[in-house]
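Since the structure comes first, as structure tokens, the remarks are kept for the end.
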Amino acid sequence: MAAGAASGGSATTDTYKEARTWLLMPAWVTLSFLILAPVLLMLVYSFLTKEFRGGVVWEFSLSAYDQFFFDRGLFGDEPAKIEWTYITIFWRSIWQAGAATLLSFLIGFPTAYFIATQPERVRPMWVFLITIPYWVNLLIRTVSMKFLLRDQGPLNDFLISTGLIDSPLHIVNTNFAVQLGLFYSYLPFMVLPIYAAVERYNFTLSEAAADLYATKMTILRRVLLPAVKPGVIAGCILVFVPSMGSFLAPDLLGGAKNFMIGSLIEEQFKGNAGNWPFGAAASMILLTMVLIILLIFARQQAKAEKET
Amino acid sequence: MSDTSQIAIDVRDAVKRYGDFTALKRISLSIMDNEFFTLLGPSGCGKTTLLRMIAGFEDVTEGAIFLYGDEIENLPPNKRPVNTVFQNYALFPHMTILDNVGFGLEMRGASKSEARRKAGEMLELVQLSQFSARKPSQLSGGQQQRVALARALAPKPKVLLLDEPLSALDLKLRKAMQLELKHLQRETGITFIFVTHDQEEALTMSDRIAVMSAGEMQQLGTPNDIYERPHNKFVADFIGETNLLEVSVDAVHEGRATCHLGGGHELTCNAVTGIGVGSKVHMSVRPERLFTSDAPVEAESLKGKVVENVFIGTDISTIVNLDDGPQFTIRTSNSDRGNKRIFDQGAEVFVNMELGAARLLVD
Amino acid sequence: MASKKFDIQAFPGFKPITLLCLIVLYAPLVIVTVYSFNASASLTNWEGISLRWYADVFSGPESEKFKIAARNSFIIAIIAATTSTAIATLAATAMVRGGAFKLRTVSFGLISMPLMVPEIVTAVATLIFFNAIGFDRGLLTILLAHIAFCIPFAYLPIQARMQGIEDTYEQAALDLYATKRQAFTKILMPLMMPGIISGFLLAFIVSLDDFIITNFVKGAGVETLPTAIFGSVKQGIKPNIMAISTMLLGVSVVMVTLSYLVSKSDKTK
């Protein structure tokens, strides 16, 4: 896109070159002290020994990670076995987040596409409609969802009154309820990047494909989807990452059986029963996974940008 | 009065580099007091960079710039008594027209009421008083143009810089503004430095023109100089329409060079220092300096055949292929039809020019 | 137009899915709003319209708790949004108008870090940090955490807006003898205003809504609206919660409408 680079004017201008250190200083200080330093400290804590009433003893220990992965400890007397409890919780988090992402894509893609192909004048209104719920408190949205889906809730009342079902559907406290909750929490993050990509898509390409005898499904699969792929990937990441570490939806909609990593972490810091190093280690494992995903994503995006 | 006091802007050995790329390759030029000076060249030639260096928006990598004898290249733009009319006008969208025009005065320390009063006077000068309370977006392109002009002139700068200010206007408005700018320059007596890629605009308005290409100055001179006596192939090709043909030089004698074209046609051109016998160079001859006839008329007559006549409003353009040789374009004014004949397609004709109409060019 | 035989853009089924999507998004909110006006004390039966649960919010047994929580929430949201917007405005000016510099990528990474790190991880880290430096948990810890967390939300709209403003405006100001500070306050700031307002509103909502981080750093006995609601909901959804939710929903809708109007009234483009 040499033309874009040329007509886009100067990417960086330097009117405030001399002042930039001072302008950035407040952000640097705030974020270094309140985000970066804490995360580094958390890394340190994950290698410390737990104190029984919450908190830590400043003694190096691998027991937090050991406890996460191995039964009876890697360094115990008996041969170590893989401890499945926490790995299962972790795996469930990935699975739930993945299912929620897929659900968001299946609903979000057609929605984004539909909005992007509306007349230009009404598009902002559609985008506005999709984003309003995101502005509503996540807790309230999740509570509303729970209220709606309860066994005696409005949805079941409605379905029973129409005669579609005889007894209430048990949705709350299932995996599906969690997926639904996550889908509901982060859907706009799926719709907006795809919308932006489709809006930039040149429909002459679709016409060219149709002219060359492609059916609509073929156009969708072979021409449109590859063209808007960066938007789709961005949307999936934006839904998947917060879903992985989410706390409210699994806690309120999933119940005790459907524990996810967010709840596991939270439990380690509540009251006296917690285990801070273990919570810190679980957080580090979650953070590492998320960063790996983001890194892969950044590379993909860079590659996609080179191609276009 | 010393000589240097007559120089408004003196650029000495100015170089501009962006990393490995050299945008300006050691430019020196003097722009005189009260002059309408134009920097002309295709996009990317460095003309805007030079203008922005004078305004203070670009650092000077090497060299110096003087404004009426004072060295200014290290001053920030707000300390230089020069003002700019920007290509897209850059009128502050959140301010009224009056506040836009008064902005510079206010920044120089005038009180708000004083700035407004003087801004009002400037708006009168450009005949936009009735719009003073409006916002820029409520004005047409031509009106915005005049506001930008009034704003830049209001603080009475020593030099006014204009960065392709007419390029966004349609043709008719552009023509009218060209004249208006010229008048304004004469009335105010301020030195204008005008940047454009439109050679016709440059020829119409300027006292002197600097033709630039690839970061270098190609030629500096009056419009007449540059049009009639281009130094090199680039200038001849860039300014106006011309027949640019490859020739080899057979002999040089008393300011004339005897050359031959492809197909063995012989032609005498104006010689140029630096082009000796045996060189293969280009020569240029303007289409309006040529005319066709059925028999040789001038000393320089070349035989060929009419390929096509193209009607272009005021003129007719005739394309003639020389026998086994290159192609010439001949331009005949429609008002001159009585004296000059237009031959039909396929007619055998002679292409005539007076001695000295063809010029040799360095590459 | 409407009866095109072959519309290359249209896929059958996409419109129903879009409508389904909107229903899923809005149904819970609508239902909760409707039921907040239910006269019945039971959740399941509809007994006509009444404002009793709104009255209950303001004078019922839990009213004192919610009043304090609401005050805390709004005070924190206002201070956190104002501070983070100011920090973000300065940072965006340096990032967009500061030329090329080595620390740009690092700075951008730092600014967007709260968006990349899962919120629960930020929460844990912040808790550990305050605990390690011996900072007592309370309103101040919530406020500090919110300021940091809100910076990227304020930053992104401001940066986007500033990138859309041609730098010739400031150059014109400098050319007309303004100092850099004047070019900033008289030209850049007013032009950036829509972005700054959007950034502020977004930061405000994010702070007002935040549950996870607040829950970790709030300390015993200190509540904001979300933590108070969460505590209540843990024991089961009650009608007064629906009334509070509806009021908060109203606040959100007002905010989002404001930001929409601000972006619409912007005629500089």
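Read-outs throughout are calculated quantities, based only on the coordinates presented, and are distinct from any laboratory measurement. All values derive from a computational prediction rather than experimental measurement. Here the Cβ positions follow ideal geometry from the backbone for every residue, glycine too, while neighbour counts run over all protein chains shown.
Spin-label model, A:Val57/A:Leu102: points 7 Å from Cα along the beta carbon direction are separated by 4.7 nm.
The orientation-averaged projection of the convex hull spanning the C-alpha atoms of chain B amounts to 22.6 square nanometres. Shielding by partners for peptide C:178-190, expressed as the average number of C-beta atoms from other protein chains within 10 Å of each residue's C-beta, is 4. Partner shielding of A:108-116 amounts to 5, given as the average count of beta-carbon atoms from other chains within 10 Å of each residue beta-carbon. With a Förster radius of 60 Å applied to the beta-carbon distance between A:Val44 and B:Thr188, the computed FRET efficiency rounds to 0.25. Volume per residue of the convex hull around the Cα atoms, evaluated for the protein assembly as shown, comes out as 272 Å³. Sorting B:Asp324, B:Asp207, A:Asp166 by the number of Cβ atoms found within 10 Å of their own Cβ, with the fewest placed first, yields A:Asp166, B:Asp324, B:Asp207.
Along its three principal directions, the equivalent ellipsoid of chain C from the Cα gyration tensor extends over semi-axes of 38, 29, 18 Å, largest first. Extension gain, B:Lys25-B:Asn88: 0.36 nm per intervening residue step, less the Cα-Cα distance, totals 20.0 nm. List every DSSP H helix in chain C whose Cα atoms extend 18 Å or more along the helix's own long axis and whose mean Kyte-Doolittle hydropathy is at least 1.6. Helices meeting the span and hydropathy rule in chain C are C:14-36, C:119-132, C:189-209. Residue separation of A:Ala298 and A:Phe128 scaled by 0.36 nm, minus their Cα-Cα distance, works out to 58.4 nm of gained length. Counting Lys and Arg as +1 and Asp and Glu as -1 over every other residue whose Cβ lies under 13 Å from the Cβ of C:Leu90, the net charge comes to +3.
With respect to chain A, whose longest principal axis is taken over its alpha-carbon atoms, helix A:138-149 is tilted by about 90°.
The ranking of A:Val172, A:Val178, B:Val195 from fewest to most other beta carbons within 10 Å of each one's beta carbon is A:Val172, B:Val195, A:Val178.
Arranged from fewest to most other beta-carbon atoms within 10 Å of their beta carbon, B:Arg229, B:Arg151, B:Arg286 become B:Arg229, B:Arg286, B:Arg151. Computed from the Kirkwood radius of its Cα pairs, the Stokes-Einstein diffusion coefficient for segment B:115-166 at 20 °C and 1.002 mPa s stands at 187 µm²/s.
So, R0 is 51 Å and r is the distance between the beta-carbons of B:Ser248 and B:Glu114; what FRET efficiency does that work out to, to 0.05? Calculated transfer efficiency: 0.15. Globularity index of segment A:156-298 is 1.46 (Cα radius of gyration / 2.2 N^0.38 Å, N = number of residues). Counts of other chain beta carbons within 10 angstrom of each beta carbon in peptide B:52-63 average 1. A viscosity of 0.692 mPa s and a temperature of 37 °C, combined with the Kirkwood radius over C-alpha pairs in the Stokes-Einstein formula, give chain A a diffusion coefficient of 142 µm²/s. Sorted into 10 angstrom bins from 0, the C-alpha pair distances of segment B:136-255 split as 11, 36, 30, 14, 6, 2, 0 percent.
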